[in-house]
Amino acid sequence: MTYKHEIVEKKWRTIWEKYHLYKATDFDKREKKYILAEFPYPSGSKLHVGHCFRYTMPDIYSRVLRMKGYNVLFPIGWDAFGLPTENYAIKTGESPKETTKKNIGIYREQLKMMGYSFDWDREVNTTDPNYYKWTQWIFLKFYENGLAQLKEEPVWWCEDLKTVLANEEVLDGPDGEKISERGGKRVERRMMKQWVLKITEYADKLIEGLYTVDYPKSIIDAQINWIGKSNGARVRFLTDKTEIPIEIFTTRIDTIFGATFIALSPEYPDIEKFIKEDYKSQVEEYITKAKNKTEVERMQNKEKTGEFTGSYAINPFNEEKIPIYTADFILPGYGTGAIMGVPAHDSRDYEFATKFNIPIKRVINPIDQDSLQQMPFEDDGILINSQFYDGKTSHDAREEMLQWIEDTKIGKRETHYKLRDWIFSRQRYWGEPIPLIHKKNGEIEEVEEKELPLELPDIEDYKPTSDGLSPLAKIKDWVEIKDENNKIIGLRETNTMPNWAGSCWYYLRYIDPKNDKEIASKKLMDYWLPVDKYFGGGEHTTLHLLYSRFWHRFLYDIGVVNTQEPYKFRRNTGLVLGSDGQKMSKSIGNVINPDQEIEKYGADALRIYICFIGPYDGTVTWQEAGLAACRKLVEDIYTIHKKVSDIEDDHKIKGAINIMVKNITDDIEIFHMNTAISEIMIFINLLKKETKVSKNTWKIFLRCIAPFAPFITEELWQDINGNKEWTENNSIHLQPYPEYDPKLESKQITMPIQINGKFRGTIEIQRGESEEEIKKQIYNNRKVSDYLKNKNIKNFIIIKDKIINIVTG
RNA sequence: GCUGGGGUGGCGGAAUCGGUAUACGCGACGGACUUAAAAUCCGUUGGAGCAAUCCAUGUGGGUUCAAGUCCCACCCUCAGUACCA
């Protein structure tokens, strides 16, 4: 009879759930481990195998830790605010609240079917007022500390989504145009007054923190890059209109003797003051054209353009007179919006100078003088044509020049960042209301803490509009705050928070999800923080992962949490492609639905296959045949169980299971679940050849694989132990994990023999065998000794218990 | 362009420190069972060669007793990012 997974899995799921088998215990004496995987967005489409890929490995890891005696917190919740739900509501007329509730129900059921060992008592939901009360509370803390501000600046507006987006939410589309992260719709620049969170003030702290955590190099580099810190200098150039100087920003002050022009962005304030009468018409035309170009057009046309203003600036280092241009490759938002052009040592300046016939003056020679000198030369080197500084290295010259500009007050050291402040308001309905009130007198007042949560009102019409106002603006009685005489004294802020807000601190709420006095108890946070292992998508590198590090560091600074970094360790989840090698998508029709696979093969088989499919952080391809093979493995286990009897341990099997335990334990430690599964297969292949299997061996085996296949192992464990009734204490999932016993390691080993580096055969020796004995064995081995006939042995290399290499002359 | 991964059989992929390359699985081939097929089970399976043997980890060099692994140069590919001075 074949194994009936549908019956077994349902039975155990119900029992485990009833007894809260996987609950984490606050303040427990056992060492704590906080294992976290990014919580899902419960969208209209059901759970995806991608989700299974994300959660299966951390679940197995958590299960192993639990069996090894740790107090494990492995929680789950719902990141439910955001556009997809709202768009769905607009389309169907069902309220986002209803949709969310329904979807969460489906997702929860599916995750339970997979047998994940979440502590369901700690479930959180970002759209629950008891949750977002604290999201709003943290926002107010930002506001009170001057880190939430209303700012008028160019923002990305998406006409399709009818809201502004943060820099991090804007991606490059296939044609080089800017598109939204959600939905891939076109975005454009607009000047708007928006709430920002001043993440820029945390730029240095966010960089420094990266040196204290264990993240993949790719994430660390990407975040450092995104923050884009550059140390440089602000230098004042006097102009022939002496009363108005121009301040430029440069990181290469060592090249300043090579500056042959100045370029201002078309948006440069007071630019018109530099435009000489004779040049007025063409410069003004250029500026108007540049300003009307969209960001996209301006960047797509990489060819340098610009206009001479007719004015000149004086280089403070050598008093040279250099022309002032305006050019649209100078960005208004970075540095001072003005640069010194050094064509010999900057490729963009070089391009510009070549086009406008501006002199190119070399001031840096490569240290390696004989390499042919190419233009432009952008590396550091030795200064030439720089008067007093000639012969100095770029590094030394920079230091001395910075000192000089500070002494003479013509400039100062300055640091700039690519990172922009986080645009934090959205003109959409389905998000946390920003708890602020705009008073009649122009002041802004916080919603009092005792009035939190400021609940999102139920409304009929969620539709966003193009006027830059949120749908909440239409609900008069919610927006208008009146005094006792029914006079309007203030208006509520109607923008909502971005969908990233709730996920910035969810890992804190898991620690104390029902606390109504604070975001979580300080003592509990001291106990559980930081998160020991964090798993999630690589697409969040410069979004959620950066944002939540920022929030956490801020909470640390105001004394709410006790660690500077939220996550000690991070690994990314890879991507599951369809069997055609393409990204799974409904339109292609290659999406795999976990429900159907569970129905057909069982959750145990699916879990095993998800491990076996490939490395956790890799891009893997779904293959139905692979899943079928894993189902076969489950059936093999079920079949072998019938061969278990009261016999003595076989020596060979005992050694084999010991090695399996070692290899699996090592693999799990480094999250190589695919090779752990192959170890299981190797051992099963061995047992298939046996007619009987000892109880002792089988018990070790079942405990070893229980984290991978929790259902069948519980079933067989109860059976083999003859338990009449399941109790928490006899559940396999709370038994100790098997341990490797070095004493059982076989004394006899197979040594490979190489002759001149080529493998020629093996000999059987005892561990730690003497050189003489090994040599004797080699000469006794016909195959190997044949190679040595009539040869001088020049070198005889023994790597203990590993390999032997004989070098002949 | 820059940054970070990769490149190993027909395919998915293994290979702590440099130490038997191709584990495990899929597929393929051969066989058993069957009237037959499916399922299952047992073998074989990197390439060339009758064989001894030789050749294979993107390409070309190098270091080493020994290189998929380390060093140099290059090619291809995936991801991120990009006029940031």
Of the residues in segment A:197-252, how many are of a type in the set (A, V, I, L, M) and farther than 30 Å from A:E152 by Cα? 5
Could you list, in sequence order, the residues of segment A:662-694 that are closer than 24 Å to A:R66 by Cα, open to solvent by 50 Å² or more (accessible area, probe 1.4 Å) and charged (D, E, K, R)? A:K662, A:D666, A:E669
Within segment A:620-657, count every residue that is out of contact with any Lys or Arg (no Cβ under 9 Å at 6 or more places or on another chain), crowded, with 17+ Cβ neighbours inside 10 Å and within 15 Å of A:E679 (Cβ to Cβ). 5
Here the qualifying pairs (Cβ atoms under 7 Å; residues six or more apart or on different chains; first in segment A:489-506 and over 16 Å from A:Y132 (Cβ atoms); second basic (K, R)) come out as A:I489/A:K439; A:I489/A:K440; A:I489/A:K482; A:G490/A:K439; A:G490/A:K440
Flagged pairs (Cβ under 8 angstrom, 6 or more apart or on separate chains; first in segment A:612-639, without any contact (Cβ under 8 Å) to a residue 40 or more places away in the chain; second buried (at least 21 other Cβ atoms within 10 Å of the Cβ) and among the β-branched types (V, I, T)) are A:G626/A:I613
All-but-one check, A:D254 against (1) touching a Phe, Trp or Tyr at 6+ places or on another chain (Cβ under 6 Å); (2) under 19 Å from A:K412 (Cβ atoms); (3) buried (at least 21 other Cβ atoms within 10 Å of the Cβ), failing number (1)
Options A:D617, A:D526, A:D580; residue that is open to solvent by 30 Å² or more (accessible area, probe 1.4 Å), under 30 Å from A:W505 (Cα atoms) and within 16 Å of RNA strand B (Cβ to nearest atom): A:D617
Of A:S43, A:S62, the only residue that is at pLDDT below 95 and either under 32 Å from the mean Cα position of the chain (by Cα) or open to solvent by 20 Å² or more (accessible area, probe 1.4 Å) (or both) is A:S43
Within segment A:235-245, how many residues turn out to be under 41 Å from the mean Cα position of the chain (by Cα) and more than 12 Å from RNA strand B (Cβ to nearest atom)? 1
Regarding segment A:283-302, can at least one residue be identified that is modelled with pLDDT of 90 or more, within 16 Å of RNA strand B (Cβ to nearest atom) and aromatic (F, W, Y)? yes
Taking into account only those residues within segment A:585-614 that are outside any helix (DSSP H, G or I) and crowded, with 20+ Cβ neighbours inside 10 Å, which is farthest from the chain's Cα centre (by Cα)? A:G602
Find all pairs meeting these conditions: Cβ atoms under 6 angstrom apart; at least six residues apart or on different chains; first residue within segment A:215-242 and open to solvent by 10 Å² or more (accessible area, probe 1.4 Å); second residue in a loop (DSSP other than H, G, I, E, B) and more than 8 Å from RNA strand B (Cβ to nearest atom). A:R236/A:P245; A:R236/A:I410; A:L238/A:P245
Being at pLDDT below 95, within 23 Å of the chain's Cα centre (by Cα) and under 30 Å from A:Y22 (Cβ atoms) narrows it down to one residue among A:D172, A:D214; which is it? A:D214
Quick check on A:T563: is it over 19 Å from A:K33 (Cβ atoms), of a type in the set (V, I, T) and open to solvent by 10 Å² or more (accessible area, probe 1.4 Å)? no
Inside segment A:308-347, can you point out the residues that are open to solvent by 40 Å² or more (accessible area, probe 1.4 Å), over 13 Å from A:S265 (Cβ atoms) and within 14 Å of RNA strand B (Cβ to nearest atom)? A:S347
Of all residues in segment A:541-572, which are in contact with a helix residue (DSSP H, G or I) (Cβ under 7 Å, 6 or more places away or on another chain), assigned to a strand (DSSP E or B) and within 13 Å of RNA strand B (Cβ to nearest atom)? A:N572
Taking strands (runs of 3 or more DSSP E) that fall entirely within segment A:95-201, which contain at least 3 residues that are under 27 Å from A:G44 (Cα atoms) and more than 16 Å from RNA strand B (Cβ to nearest atom)? none
For A:N790, which of the numbered conditions (1) open to solvent by less than 80 Å² (accessible area, probe 1.4 Å); (2) outside any strand (DSSP E or B); (3) not acidic (D, E) fails to hold? (1)
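The values are calculated or read from the model by the stated rules, or taken from the named source; none is laboratory data. Since the structure is predicted, the reported quantities are computational estimates derived from the model, not experimental observations. We place every Cβ from the backbone using ideal geometry, glycine too, and count neighbours over all the protein chains shown. For accessibility, only protein heavy atoms count, side chains too; no ligands or nucleic acids. Shrake-Rupley method; radii C 1.70, N 1.55, O 1.52, S 1.80 Å.
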